[in-house]
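These notes concern the structure reproduced below.
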Amino acid sequence: MPFALIAPQIAIILVFFYWPASQALFQSVFIQDAFGGNLEFVGLENFQALFADELYLQSFKVTAVFSVAVTAIGLSLSLALAYFADRAIRGALLFRTLLIVPYAVAPAIAGVLWVFLFNPSLGVVTHWLRSAGVDWNHVLDGSQAMTLIVIAAVWKQISYNFIFFLAGLQSIPKSLIEAAAIDGAGAWRTFRSVIFPLLSPTTFFLLVVNVVYAFFDTFAIVDATTSGGPAKATEILVYKVFLDGFKSLDIGSSAAQSVILMSIVLVLTVAQFRYVEGRVKY
């Protein structure tokens, strides 16, 4: 009976995680023609070719910058918004509701929304930037394109982070905050010495989630906003897997990239649990 209850979940994990992962691992050691016919075993040659490819190494750098920016900005901004939403201010309920709305928006739609706002010709934000003396054109400027996808990715994830931070803040006993105020601690000192340490389990959980999000779940945002351009300035690893596998039809190389990407995320997750979790106060 217990197995019957968990069987659907086990089936989902096997079908949607282990089976694709095993297929990627299998295909990464073969070269396959574009029609899916002939298979030729090549061992680790696909991996060797990747690490000798300057474009692939460039995607590593782009992904590192993108993931660090999305995680750091997203967590910091979400925590600040949750802190103010937790305070007894006028319109707090409306404020919380508006911050949860982006979570219901699909990643591709989120990307399209920000493309419209930053459109070089008609975008509202572009008009404001030009009024301030900033010549915005993410179609031609790689750094501006990176800024655009970071903004879109942070905006999409901010609701998820906000909900958990707000729940964490509301679980902190008010008596601790009142005791800190009685001892003469200001708002910043109270946050740094009382609130933030008690939020460390929530922060650690969101750190892991946001790293995985930046590596895997931002494909649709990049595809809808910049398509990896200009000049591959926003071609993150997960998007390069798609380009090589579905556009160039290089199945072996694409599978090898999938294995490397999966390994990177696993190593980062294990490292976070091994070294960062030791600083978490439960």
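Bear in mind these aren't lab numbers, they're just calculated from the coordinates by the rules spelled out. It should be emphasised that the depicted structure is a prediction, and the values quoted were computed from it without experimental measurement. Neighbour counts run over all protein chains shown; Cβ positions are idealised from the backbone, glycine included.
At a glance:
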quantity: Cα-based helix-to-principal-axis angle, 142-170 vs the chain, degrees rounded to 10; calculated: 50
quantity: Distance in nm between pseudo-label sites at residue 16 and residue 127 (7 Å out along the Cβ direction from Cα); calculated: 4.2
quantity: Projected label distance in nm at residue 5 and residue 52, using a 7 Å step from Cα toward the beta-carbon; calculated: 5.5
quantity: Loop-resident sites, region 1-92, for trypsin sites (Lys or Arg not before Pro), counting at most 11 other Cβ within 10 Å (DSSP); calculated: 87, 90
quantity: Estimated distance in nm for a label pair at residue 266 and residue 193, the labels positioned 7 Å out from Cα along Cα-to-Cβ; calculated: 4.5
quantity: Loop sites in region 210-282: trypsin sites (Lys or Arg not before Pro), DSSP, at most 10 other Cβ within 10 Å; calculated: 281
quantity: Eligible lysines near residue 232 by straight Cα distance, threshold 28 Å, same-chain separation 8 or greater; calculated: 61, 156, 240, 247
quantity: Positive-end residue, the chain charge dipole about Cα centroid, Cβ charges, pick of 184, 49, 148; calculated: 184
quantity: Per-residue HN-Hα couplings for region 198-213 [Karplus 6.51, -1.76, 1.60; θ = phi - 60°; Hz; x = Gly/Pro]; calculated: 6, 8, 4, x, 5, 5, 5, 4, 5, 4, 5, 4, 6, 5, 4, 4
quantity: Low-density loop cleavage sites - chymotrypsin sites (Phe, Trp or Tyr not before Pro) in region 1-106, where at most 13 other Cβ are within 10 Å (DSSP); calculated: 35
quantity: Helix axis angle, 54-86 relative to the chain longest principal axis, alpha carbon, degrees; calculated: 20
quantity: Size of electric dipole in the chain: Cβ of Lys, Arg +1 and of Asp, Glu -1, about Cα centre, debye, nearest 20; calculated: 1220
quantity: Relative contact order (%) - the chain, alpha-carbon pairs under 8 angstrom, separation at least six; calculated: 29
